[in-house]
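As structure tokens, the structure follows; a few thoughts come after it.
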Amino acid sequence: MYSIRRWVVRHARSVETAYRMFEPVVIKLAPFWNWVGYQRAEKPVGQVEKLSKELLFDCKMCGQCVLSATGMSCPMNCPKSMRNGPCGGVLQNGHCEVLPDKRCVWVDAWEGSQKMQGGDQIHAVQLPVDHRLQGSSSWLRVARKSSDDAPHNNQEGRDD
Amino acid sequence: MINHEAGDDRRVTATASFSSASRLERTLKAGYFAVTSELAPPDSANPEDVYARARVFDGYVDSMNATDGSGANCHMSSVAMCALLSRIGYDTVMQVSCRDRNRIALQGDVVGAAALGVNNILCLTGDGVQVGDHPEAKPVFDLDSMSLLEVIAGLRDKQMFVSGRKITDPPRVFLGAAENPFVPPLDFRPYRLAKKIAAGAQFFQMQYCFDLPRFATFMARSRDLGLLEKCFILPGVGPLASARAANWMRHHVPGVHIPDAVIKRLEGAQDQKQEGRQICIEMIQQLREIQGVSGVHIMAHRQESAVAEIIEKSGVLRERQPWFPGSDPLPEERHDVQRDHSLSFCTGRLS
């Protein structure tokens, strides 16, 4: 929902705080995901993730979430799928050249990042999207990565 | 400090190695004020149509940009134009857009283009298909301009495809990117420049500059971030044909920002076309004085024949005359663009 998506960006700081509380829980559940099996957990967890993130961010389930690095504005809503900043065609009113009645997701991303504690992550260059991960759960990927990385786990995963 | 001195600073550090056989790279790294221009691609399979369009710039530009379906319109491909021009010895900037090809096609094209003699590549995301003549086409956007830079830098420096497979002879290219300091989010634009430099951009060709204060602010911010020593910046300029054309552009061409004052000046002129060129000349001269500006990129859509006069009157080349066919003192060099051009990248002398 467009209006909710905009609200989230305006409250990027609170959303960030909420996520920072939520992420360790998902990671702590790693033994549980292991027990269930990531393959089996994928469908139900993915469904929950999809429903909640679709509502909040108009999430496209790219499977490699970068919301923490994009001011809580999902870059996959950009018609050019730009994950590293705005294109050169942004209108003077901050709207999208392709969808002129919508705000550029990167204008939002920049504003959102300025409100966030970890807003500096917007300066990191993002890798190209891995299209194989489309539709998969980012949360489980974070949990799995953290448990794989343990004991060096520093929980700095930028995923949401 | 004027631009020349800024260029000199870089000469010390940057000429230690060249990433390509590009004449543009040599011009910039030697501290000369470089001039590039946009070459409109023909809707034709006749090579002579490409050569005729290039010829109007002879002796005035250091490199020509072959556009890649600009405005999402179909024309001759940029790789083909560059290949044709490199046969003659011209230096070209091959524009590569992410709109029409995925990473497999893009990497293949870059390697192939380098084999055909292309030395400079400008990485672009590309306009959306809806603005062009094939709005029903599928937009690809597998990569964005930033990841395209990274990918090509990887081909060149790590000598491997994204997959990790080795390349025996990597594409030796001078890597460029675009930036538009005139559209929102304005505060983010210098940081985006930084990101592109981190991703591998060595030079920038920018959107049309009609708003000097806005550009100066962008450059000052970029200087504070320490970016001006890490790249060469060529702001875009171009003659406006009339006040009406300017008005049309600012409402229909995404990313073009033209302040009211410019339109008023055109409206008040007796000969609007001439005034448009005069504004362009003045803009080039003013841009030259901004620290960190290494050259200009001229986009004179449908006014290509005016480019020579504009450059001449702006005086930015001083005594220097960029290479053109026939100007080369060593004719055999024309057939071997891969050879070191350090002595022959221009025929004139430095002022």
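Looking only at trypsin sites (Lys or Arg not before Pro) in DSSP loops with at most 10 other Cβ atoms within 10 Å, what is the longest site-free stretch of chain B?
The answer is B:1-164.
Under a GNM of chain B (C-alpha, springs under 10 Å), which listed residue has the highest mean-square fluctuation: B:254, B:239, B:170?
In this elastic network of chain B, the residue with the biggest mean-square fluctuation among B:254, B:239, B:170 is B:254.
So what's the back-of-envelope 222 nm ellipticity for the protein assembly as shown, counting only DSSP H runs of four-plus at -39500 (n - 2.57) apiece and dividing by all residues, rounded to 500?
Here the helix-only value at 222 nm equals -12000 deg cm²/dmol.
If you take every DSSP beta bridge whose two residues both sit in the protein assembly as shown, what share of them, in percent to the nearest 5, is antiparallel?
10 percent
Considering protein heavy atoms only and a 1.4 Å probe radius, which residues within the range B:215-261 exhibit an accessible-area decrease of no less than 40 Å² in the full assembly relative to the chain by itself?
Buried-area filter returns B:254.
Run through every distinct alpha carbon pair of the range A:12-159 and return the Kirkwood hydrodynamic radius in angstroms, one decimal place. The partial results should precede the final answer.
Numbers: mean 1/r = 0.0621 Å⁻¹.
By the Kirkwood definition, the hydrodynamic radius is 16.1 Å.
What FRET efficiency would be calculated for the residue pair residue B:305, residue A:93, taking the C-beta separation as r and a Förster radius of 30 Å, to the nearest 0.05? Numbers along the way, then the final one.
Values: r = 36 Å, r/R0 = 1.20.
After rounding, the FRET efficiency stands at 0.25.
Are any of the pairs A:28/A:50; B:158/B:230; B:166/B:230; A:53/B:138; A:28/A:145; A:50/B:195 more than 23 Å apart by Cα-Cα distance, and if so, which?
Over 23 Å Cα-Cα: B:166/B:230; A:53/B:138; A:50/B:195.
List the aspartates and glutamates whose Cα lies under 18 Å from the Cα of residue A:43, skipping any in the same chain that are fewer than 8 positions away.
Reachable aspartates and glutamates: A:54, A:160.
From zero outward in steps of 10 Å, how is the percent of C-alpha pairs of the protein assembly as shown spread across the bins?
4, 18, 28, 25, 14, 7, 3, 0, 0
Can you give the Rg and Dmax of chain B based on its C-alpha atoms, in angstrom?
For chain B, the Cα radius of gyration and maximum Cα-Cα distance read 19.1, 62 Å.
With solvent modelled as a 1.4 Å probe, how much accessible area in total do chains A and B shield from it at their shared surface, in Å² to the nearest 100?
2400 Å²
Round to a whole number: what % of the accessible area of chain B belongs to carbon and sulfur, probe 1.4 Å?
Answer for chain B is 52 percent, counting heavy atoms of protein chains only.
Mark the label point 7 Å from the Cα of residue B:212 along Cα→Cβ and return the residues of the range B:240-259 whose backbone N is within less than 19 Å of it.
Of the residues in the range B:240-259, B:240, B:257-259 have backbone N under 19 Å from the label point off residue B:212.
The values are calculated or read from the model by the stated rules, or taken from the named source; none is laboratory data. This is a predicted model, so every value here is computed, not measured. No Cβ is skipped: glycine too gets one built from the backbone with ideal geometry, and neighbour counts run over all protein chains shown. These accessible areas exclude ligands, DNA and RNA; they are computed on the full protein's heavy atoms, side chains included. Shrake-Rupley method; radii C 1.70, N 1.55, O 1.52, S 1.80 Å.
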